Amino acid sequence: MAKPTGRITRGTTGVNRLRRVDRWIAAQPAARVPGALVVDLGYGASATTSLELHERLARQNSTVEVLGLEIDPARVALAAAELATARAAGPTRYGRAIASDARVSFALGGFEVPAPRPPQLIRAMNVLRQYDEHEVAGHWATMLARLAPGGLLVEGTSNEIGRVCSWVALDAAGPRSLTIALKVDELGSDAMEAPSVVRERLPKALIHRNVPGERVHELLAELDRAWAIEAPLADFGAVQRWVAAVGRMREAGWPVAGGPARWRLGELTVAWEAVAPLP
């Protein structure tokens, strides 16, 4: 087997860290294909995120298969041992066990995605954050080349406890959207002063573009303004205020996807061309 493509990351992981992106992925057609193969690329120092991904996707697609890939052999061995322990414990709430028939496996691999068949979806969270910006396009292209027709690549970043995250969705044609997902009832606190707190967790392709004159900077500035304008709705709850702020963004001409059902989850998804880095 050829040496995996990539570098060993810090491996930071934790229970529920990727719940927001998993919830979004579960709604995508690619994740609902019968027998879909979903790759969790760079799952980190434990099996946690791969097992959680399977548990969440299996609610909508009982035949989904999750393959966790890491370039560190020690991490692969550890994840396999954790999987065996979870299966032996029996089907209880995830975090302690996993059903014995769950389709989850772990293997050595990197951006080349050595899977038994082309995956319908690749999730690569908190991986490219540790690379240089000029490396992103090449790694995107490598992963996209491995997808099944109609497949999706989801690449982004989250904070350590999963309350602030963002990701880019890409298909064979390239990037198609940026999603911001926040625990909105914490906005206004010392830790999350405004929606633009996500600036520290933007995908690598955008994090260094959050400067005046760039589109993503304009998006975050406009989102903060919309959030501030809708302050009177705070008495009805942070979610109601967020939904109104996102609706205001759409009314202002931003290509906002979805509707209140997604917005109530603390999400804002915009078309990629609205935030793409300027040449």
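The values are calculated or read from the model by the stated rules, or taken from the named source; none is laboratory data. These numbers were taken from a predicted model, which means no experiment stands behind them. Note: ideal-geometry Cβ built from the backbone for every residue, glycine included; neighbour counts use all protein chains shown. The accessibility values were calculated without ligands, DNA or RNA, using every heavy atom of the protein model including side chains. Shrake-Rupley method; radii C 1.70, N 1.55, O 1.52, S 1.80 Å.
Extents of the chain, largest first, come to 53, 43, 34 Å (Cα atoms, principal axes, whole angstrom).
I need to check one value: relative contact order of the range 6-147, counting alpha carbon pairs closer than 8 Å and at least 6 residues apart, in percent. Could the numbers behind the result be given before it?
Values: 246 pairs, mean separation 38.3, N = 142.
So the answer I get is 27 percent.
Using the rule -39500 (n - 2.57) for each DSSP H run of four or more residues, divided by the residues of the chain, the 222 nm mean residue ellipticity is -8500 deg cm²/dmol.
Where both partners of a DSSP beta bridge lie in the chain, what percent of those bridges are antiparallel, to the nearest 5? Numbers along the way, then the final one.
Working: 20 of 38 bridges.
So the antiparallel bridges in the chain amount to around 55 percent.
Here the translational diffusion coefficient of the range 1-142 follows from Stokes-Einstein with Rh set to the Kirkwood radius across Cα pairs; for 4 °C and 1.567 mPa s it amounts to 85 µm²/s.
Here the Kirkwood formula puts the hydrodynamic radius of the range 115-273 at 16.3 Å, using every distinct Cα pair. Cα centroids of the range 206-235 and the range 111-154: 29 Å apart. Out of every Cα pair in the range 155-202, what percent are spaced more than 13 Å from each other? Every Cα pair in the range 155-202 considered, those over 13 Å come to 55 percent. Accessible surface calculations at 1.4 Å, restricted to protein heavy atoms, place the range 9-128 at 39 Å² per residue.
Karplus-derived 3J(HN,Hα) values for the range 176-184, using 6.51 cos²θ - 1.76 cosθ + 1.60 with θ = phi - 60°, are 10, 7, 10, 10, 10, 9, 10, 7, 5 Hz; glycine and proline are entered as x.
Sort the following peptides by mean Cβ neighbour count (other Cβ atoms within 10 Å, averaged over residues), highest first: 15-25, 78-88.
Numbers: 15-25: 20.7, 78-88: 16.2.
The peptides rank, most packed first, as 15-25, 78-88.
Extension gain for the segment A271 to R225, taken as residue separation times 0.36 nm less the Cα-Cα distance, is 14.6 nm to one decimal.
For the chain, with only Lys/Arg (+1) and Asp/Glu (-1) charged at the beta-carbon, what is the dipole magnitude about the Cα centre, in debye rounded to 20? Please list the in-between numbers first.
Details: 33 positive and 30 negative charges, 132 e Å.
Computed charge dipole of the chain: roughly 640 debye.
With R₀ fixed at 30 Å, the C-beta to C-beta distance from A145 to R59 puts the FRET efficiency at about 0.50.
Taking the average, over residues, of other Cβ atoms within 10 Å as the packing measure, peptides 172-183, 204-215 rank 172-183, 204-215 from highest down.
Mean separation of Cα pairs under 8 Å and 6+ residues apart, divided by the residue count of the chain: what relative contact order is that in percent?
Value for the chain: 15 percent.
Just the ratio, please: alpha-carbon radius of gyration of the range 199-255 over 2.2 N^0.38 Å, N its number of residues. Could the numbers behind the result be given before it?
Details: Rg = 12.7 Å, N = 57, 2.2 N^0.38 = 10.2 Å.
The reported ratio for this selection is 1.24.
Here the label points at D132 and L78, each 7 Å from Cα along the C-beta direction, are separated by 2.9 nm in the simple model.
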